[in-house]
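The values are calculated or read from the model by the stated rules, or taken from the named source; none is laboratory data. What you are looking at is a predicted structure, and each value in this text was computed from that prediction instead of being measured. Note: ideal-geometry Cβ built from the backbone for every residue, glycine included; neighbour counts use all protein chains shown. The protein model used for the area step is the full one, side chains on, heavy atoms only, and it has no ligands, DNA or RNA in it. Shrake-Rupley method; radii C 1.70, N 1.55, O 1.52, S 1.80 Å.
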Amino acid sequence: VPSYCMSPTHLADSLRQGFWSGTPDSYPALYPFLQDVGRFTGSIQIHNDPLPWFSHRLTVGLDQTLEQDHSLALRNDQYTYYDSFASIGSAGVTDTRVNYTTADYSGTLHFNLGGSVTSQTSFGGQYYRKHRDNVEAYGEGFPAPGLTSVDATTQNRLTAQTYENNTTVGFYGQQQFGWHNNRFVTVGLRVDDNSAFGSNFNAVVYPKVSGTWTLSDESFFHLPAVNTLRLRMAYGQSGHQPDAFAALRTFLPVTGPGDVGTVTPGAVGNADLGPERSSEIEAGFDAGLFNDRLGIEFTYFTEQTRDAILERQIAPSTGFAGLQYVNAGRVDNNGIEVLLRGTPVTSDKVTWDFSFNVSTDNNKVVSLGSVTAQNFVAAGTYVQHHIGYPVGSWFQKKLVSAQLDGSGNATNVMCETASGGTALCSTPGDSMLVYLGRNTPKVDGGFSSTLTLFHNLRLFGQVDFKTGFSKLDGNQRVRCFFFGLCRENYVPQDYDPVLIAGYQDGYPSVLIHDASFAKLREVSATYTLPERWLGAIGAHNASVTLSGRNLITWTNYPGLEPEATFNGGTRGGDYSLWEQDVLPQLAQFVATFRVSF
């Protein structure tokens, strides 16, 4: 192992044998973790048509997950290079139960009003309930080897229980009129109430209206090569409820004077908290050309989200600390969605089908209400919701120049300012934070193609892509910022001074990179066995498929995987925008044999 990759205490002749925290054999020996998960999903549906013009149905379902996690660090008397915490051992057990209960009723009235006019009236309601219960026990310090239960620990023992209930009740009504079976107008209204709304907030109402017209059915329609054309337009509203308990004022149990139990202020709550509300208009068309050998679906949408849920600082004079969830701010979004599908070649021996789709997303923070006197609110360590920029954009000091002295130390480190000039990176203030990119793709899409030869052999390929977003390389952050294990830290003269300045002074802009990529998702060949081969076993059909998945990634992103997120994004905030501690998607080669009788 090169000497620049470790400190002297981690050299190959030490107990760690050149590894940072422990040898590979020590981890499975000391940490026999276990997870047991059971899941049940079931539903019952009752459908009834009591009258020719009336039908209705009721669906009731349950989705239940039972998860038990055992974390165990055995008492360590062999691997003496671990710290004191690791050597004494620990044990933890977490039981998590999550139940989703749903009930959905809908009814429909069908009428023919005469004159080629039809009517369809729909109504119904839904009930959704999520219940999550979590119980945890933990302790540290086994007095002797061989002990594994929480009861056998002697230090820092604790137990905890948390639960969450969230319930949504909604009702809707919808009316559709049709004329000549090619023109349809639909209006509807939905009313929702959620248990996470503030006590002063009533149920929310979401309207919608839409219309379609199959223009190609009209007698006056004559466009060369266009055999079908349908126009459509819609307007609608939707919402996103707050997190459970976000609106509630809470208090925390503590031990008071004389070891008497009491409470202290927790979250201030917000009795007026309601959902985020989005209004969207979309328009588009569906077309079939050359006897449907080529199909086009096009949609343009523009969306406005008001009452975005943000956090604001609480004045200490209220007696509560921390942040309060409030409805403030506005985000605008627009884009297009395009789908092309076609069959360029078709014959008795060869058929070629393809599809291509692309969509764009242009979102921008328009207002932050009165949440802050600044033009942004923090959304993570390196991320901001900034007026005039996409939601959750990267904002940091951007290094533009630096010099190295004779010892390899960065000097005269300059950064770009928000006004477009330059200044010493050590200059304090928000004016030194500049836009470094958005965290969600601006464009994504894919292409797939199927070639069928002699009716029996089918060749398939699929490529998809995402562009216009940036990601933070968390692996480099740990190696180069925290532990100093990069080669750059030991021979800085071999590298760009700007990069060295970023590593030495801890500027994350050198870790944030364009993460645009394209992936060869799948290539496969499927052979359908001739029917004459199946008579001996009485099979109806059979096929053999050989496929490869995640074969190639085309990207300039220097990290391991442009699609990965730190801990799957479970740590929240900007951690969901990092790529760290995740292996790249593995290439898979699969052979499949299918037979039906």
Requested in this report: Would you please name the chymotrypsin sites (Phe, Trp or Tyr not before Pro) within the range 195-233 that are DSSP coil residues with at most 16 other C-beta atoms within 10 Å of their C-beta?
Outcome: 220, 221
Query - Other-chain or far-sequence residues with amide H under 5 Å of residue 469's (modelled H) - result: 442, 515, 516
Report task. Specify which labelled value, from (i) -1.17, -1.66; (ii) -0.79, -1.12; (iii) -0.79, -1.28, agrees with log10 I(q)/I(0) by the Debye sum over Cα atoms at q = 0.09, 0.12 Å⁻¹ derived from the coordinates of the model shown. Result -> (i)
Report summary line: For the chain, the charge dipole (Cβ of Lys, Arg +1; Cβ of Asp, Glu -1; about the Cα centre) points to a positive end, and the Cα of 64, 459, 187 closest to that extreme belongs to 187
Report task. Divide by every residue of the chain the summed helix terms, -39500 (n - 2.57) for each DSSP H run of at least 4, and state the resulting mean residue ellipticity at 222 nm, rounded to the nearest 500 deg cm²/dmol. Result -> -500 deg cm²/dmol
Query raised in the report: Quick one: ranking 432, 233 by accessible area, 1.4 Å probe, largest first, what do you get?
Result: 233, 432
Query - Note, ³J(HN,Hα) from phi for the range 273-287, Karplus 6.51, -1.76, 1.60, rounded to Hz, x at Gly and Pro - result: 5, x, x, 6, 10, 10, 10, 9, 10, 9, 9, x, 8, 10, 9
Query raised in the report: Size of the dipole of the range 407-488 about the Cα centre, Lys and Arg at +1 and Asp and Glu at -1 on the beta carbon, nothing else charged, in debye to 20?
Result: 280
Query raised in the report: With respect to the cross-link table entries 364/397; 364/398; 349/519; 208/519; 364/471; 397/442, which display a Cα-Cα separation exceeding 26 Å?
Result: 349/519; 208/519
Query raised in the report: Which value, in Å² and to the nearest 10, is the accessible area of residue 407 when all protein chains are kept and the probe is 1.4 Å?
Result: 90
**Report entry** Net dipole in debye of the range 227-312 [+1 Lys, Arg Cβ; -1 Asp, Glu Cβ; about Cα centre; nearest 20]
**Finding:** 120
Query - Cα centroid of the range 437-482 to Cα centroid of the range 388-425, whole Å - result: 30
Requested in this report: Please name whichever of 169, 106, 155 sits farthest to the positive end of the charge dipole of the range 82-199, dipole taken about the Cα centre and charges placed at Cβ: Lys and Arg +1, Asp and Glu -1.
Outcome: 106
Query raised in the report: How would 219, 431 line up by accessible area, probe 1.4 Å, largest first?
Result: 219, 431
Query raised in the report: With r defined as the distance between the Cβ atoms of residue 46 and residue 556 and R0 fixed at 51 Å, what FRET efficiency is calculated, to the nearest 0.05?
Result: 0.35
Query raised in the report: aspartates and glutamates within cross-link reach of residue 466: Cα-Cα under 17 Å, excluding same-chain residues under 8 positions apart?
Result: 337, 361, 444, 514, 522, 561, 563, 579
Query raised in the report: Gap in Å between the Cα centre of the range 177-242 and the Cα centre of the range 91-138?
Result: 21
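Quick one: length gained pulling residue 440 to residue 272 fully straight, 0.36 nm per residue minus the C-alpha distance? Walk me through the intermediate numbers first.
Values: separation 168, 0.36 × 168 = 60.48 nm, distance 3.07 nm.
Between residue 440 and residue 272, full extension yields an extra 57.4 nm.
What's the Kirkwood radius of the range 346-489 in Å, using all Cα pairs? Walk me through the intermediate numbers first.
Values: mean 1/r = 0.0510 Å⁻¹.
It works out to 19.6 Å.
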Report summary line: Any residue on another chain or 5+ positions along whose placed amide H is under 5 Å from the amide H of residue 485 is listed here as 480
Report task. Whole number in Å², please: accessible area per residue of the chain, 1.4 Å probe, ligands, DNA and RNA not counted. Result -> 56
Query raised in the report: Residue by residue, what Karplus-based ³J(HN,Hα) values in Hz, rounded to whole numbers, does the range 155-165 have, using 6.51, -1.76 and 1.60 with θ = phi - 60° and x for Gly and Pro?
Result: 9, 6, 7, 8, 10, 8, 9, 10, 8, 9, 10
Query raised in the report: Quick one: putting +1 on the C-beta of Lys and Arg, -1 on the C-beta of Asp and Glu, what dipole do you get for the chain around its Cα centre, in Debye to the nearest 20?
Result: 980
Query raised in the report: From the backbone phi of the range 395-412, what are the Karplus-calculated ³J(HN,Hα) couplings (6.51 cos²θ - 1.76 cosθ + 1.60, θ = phi - 60°) in whole Hz, Gly and Pro given as x?
Result: 10, 7, 5, 9, 6, 10, 7, 6, 10, 10, 7, x, 8, x, 8, 6, 9, 6
Query raised in the report: Which residues' amide hydrogens lie under 5 Å from the amide hydrogen of residue 196, considering only partners 5 or more residues apart or on another chain, with H built in the peptide plane?
Result: 167
